[in-house]
Protein chains: 2
Amino acid sequence: MFDKVLVAEDYEIANQGIVKVLNDGIGIHNIHEAQYCDDAYLKFRKANLDGDLFDLLITDLSFKENHKKQIRTSGIELIEDIRTIQPDIKVIVYSQESRPDRINMLFEKLAINGYVCKGQHSVKELIECVNGVYQGKKVVPPLLRDHLDTNTIINLDDFDMLLLEELSCGFTKKEIAATLKSKNITPNSESTIDKRISRLFDNFKAKNTTHLVAIVKDLGLL
Amino acid sequence: MFDKVLVAEDYEIANQGIVKVLNDGIGIHNIHEAQYCDDAYLKFRKANLDGDLFDLLITDLSFKENHKKQIRTSGIELIEDIRTIQPDIKVIVYSQESRPDRINMLFEKLAINGYVCKGQHSVKELIECVNGVYQGKKVVPPLLRDHLDTNTIINLDDFDMLLLEELSCGFTKKEIAATLKSKNITPNSESTIDKRISRLFDNFKAKNTTHLVAIVKDLGLL
DNA sequence: CCCTCCATTACGGAAATCTGTAAGGACATA
DNA sequence: TATGTCCTTACAGATTTCCGTAATGGAGGG
């Protein structure tokens, strides 16, 4: 089994929970903790210099801003940076993210080894994931496995998310178009925005904008 | 120090984290866990019947829905029900909720003994809270201490909540008016509904209906 | 090269939203 | 009783939403 593990997670209680699971559930005791990305990176580099390498990184994706200015603010940057100093490091991401396309991206772009959704039953999932990754497997979360064949995945791209974000802030389509134009983001015509939102209505079976935002909020996508 | 503690929190990892903090940070070892409100309630009743009472309940507020139908779905109901069988039980709420008025409500209506905000530094807060509550203190989170004087509490009645509910389901004001009339709920004119919603705009500083629902969803009121 | 598909864009009209003004009634208070 | 406040209701006008149709243009397949 893995010997030396780093847990990067800004919420202390969750951090402690992961440590406890690794301890009690898997029998890993050489566990180091980091609450900030930069901290995690420094710990990795030090271990590298000392020749006492980590075997596994378990990291969150989002880290709250800190009083001290951090260079890295997301787990993605952390993983990229750590890979430059230790390319073969095994990585498990433990995060709230539930958008299939985004999780997929982690596997494809960052070649992470496992993903565990923060959720009610993450203990079992986490244990299975660590074991699987140790055996060299790629451990995809159940959420993603279910949706692999049934392509009912509502694939929201960044533009859709941007629109939803703006709508939930109470901006009108006219205002959104203006914002997009000022930021040089395309497409940015009112009619395209209109069409896109209509498509989201279809996707989520929403009756109107308000309904759409309510649904998306409930799904935790926003 | 407290001897027997129940931790009610649906997210396993967070649950484990709390247990570890109580263990390592405070030295409490007789800790029981529950992932669902009903489960917590049953454990309390059993302890009560056995005469081996709990000294402290640490509970979350929101619990995700379960495949099994749960009677209680929120920590608030749990606390109310547990108080009926053990009125003097000490209660600490550990939750994401950050709205001062809602937290205040917990202290006033439910007479909870302590509140800890889920956050980056909850370990220290949790330890201090448990210690404070043990000494008979009422432990208010730092967040609330700041806002004690500025009492900008928004008071929503059932009618407001009903409107928000309907809006978030995508019904138009015309439809809502029709529904209210068919259910003999007054007031039910379109104009009053309109006015009420406008008042909610003011209360929540919302720009339009969509914005309003987004805000209210974020606040966890819906 | 042509054809199809799809995204972007424009436009128009019916419906809904948002924001005023205003009138009538309930209720408390001086 | 008179007065002020608040809630309910009505109405009207400007704006926005929602949902069609339609023109344009790029990507990809035959």
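Throughout, read-outs are computed from the coordinates displayed, never taken from laboratory work. Because the structure is a prediction, the values reported are computed rather than measured. Quick reminder, even Gly has a Cβ in these numbers, built from the backbone with ideal geometry, and neighbours come from all protein chains shown.
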### Query
Which of the pairs A:217/B:173; A:4/A:64; A:217/B:118; A:118/B:46; A:173/B:181; A:20/A:137 have their Cα atoms more than 29 Å apart in this structure?
A:118/B:46; A:173/B:181
### Message
Can you give me the convex hull volume of the Cα atoms of the protein assembly as shown, divided per residue and expressed in Å³?
### Response
185
### Number of partner chain Cβ atoms within 10 Å, mean per residue of A:114-123
4
### Query
Can you list, shortest first and in nm, the gaps between the label point of residue B:3 and those of its counterparts in the other copies, using a point 7 Å from Cα in the C-beta direction?
4.4
### Message
Per-residue Cβ counts within 10 Å, from other chains only, averaged over A:203-215: what number is that?
### Response
5
### Task
Compute the relative contact order of the range B:24-91 as a whole-number percentage, counting only Cα pairs closer than 8 Å that sit 6 or more residues apart in sequence.
37
### Task
Binning at 5 Å from 0, report for the range B:15-57 what percent of all alpha-carbon pair distances ends up in each bin.
5, 21, 26, 24, 17, 7, 0
### Task
Distances from residue A:185 to the same position in the other copies: list them in nm, one decimal, shortest first, using label points 7 Å from Cα along Cα→Cβ.
3.6
#### Entry: Mean separation of Cα contacts under 8 Å, 6 or more apart, over the residue count of the range A:1-123: relative contact order %
24
### Message
Once each part is reduced to its C-alpha centroid, what is the distance from the range A:1-68 to the range A:151-222 in angstrom?
### Response
37
## Note on the structure
Fewest to most Cβ atoms within 10 Å: B:93, B:123 sort as B:123, B:93
### Query
Of all DSSP beta bridges located in the protein assembly as shown, what percent are antiparallel, nearest 5?
5
### Task
Mind checking A:6-12 for the average number of partner chain beta-carbons within 10 Å of each residue's beta-carbon?
4
#### Entry: Length-normalised contact order of chain B in % [C-alpha pairs under 8 Å, at least 6 apart]
14
### Summary
In terms of the alpha carbon gyration tensor, root eigenvalues a ≥ b ≥ c, rounded if a/c is under 1.5 and otherwise prolate when a/b exceeds b/c or oblate, the range B:1-107 is rounded
### Message
Please arrange B:81, A:39 by how many other C-beta atoms lie within 10 Å of their C-beta, fewest to most.
### Response
B:81, A:39
### Message
Output wanted: per-residue J couplings in Hz (rounded whole) for the range A:39-56, from phi through Karplus 6.51 cos²θ - 1.76 cosθ + 1.60, θ = phi - 60°, x for Gly and Pro.
### Response
4, 4, 4, 4, 4, 5, 5, 4, 4, 5, 5, 6, x, 10, 5, 6, 9, 8
### Task
Using a Gaussian network model of chain B whose springs link C-alpha atoms within less than 10 Å, name the residue from B:162, B:126, B:61 with the highest mean-square fluctuation.
B:162
### Message
Which residues among the range B:2-19 fall inside the zone where the amide N is under 17 Å from a point 7 Å beyond the Cα of residue B:46, along Cα→Cβ?
### Response
B:4-9
### Task
Please identify, among B:15, B:131, B:188, the residue showing maximal mean-square fluctuation in a Gaussian network model of chain B using a 10 angstrom Cα cutoff.
B:188
#### Entry: Alpha-carbon Debye profile of the range A:158-218, log10 I(q)/I(0) at 0.14, 0.16, 0.22 Å⁻¹
-0.34, -0.44, -0.83
## Note on the structure
Label points for residue A:127 built 7 Å along Cα→Cβ; distances to same position in the other copies, nm, shortest first, come to 2.8
### Task
For chain B, with a Gaussian network of springs between Cα atoms less than 10 Å apart, report the residue from B:141, B:87, B:187 with the top mean-square fluctuation.
B:187
### Summary
Relative to chain B, whose Cα atoms define the longest principal axis, helix B:173-182 and its Cα axis are tilted in degrees, nearest 10, by 80
#### Entry: For chain B, share of DSSP beta bridges that run antiparallel, in % to the nearest 5
5
### Query
How big is the Kirkwood radius of chain A, worked out from every pair of different alpha carbons and given in Å to one decimal?
19.3
### Query
Which of A:207, A:138, A:20 comes first, and how do the rest follow, when ranked by fewest Cβ neighbours within 10 Å?
A:138, A:207, A:20
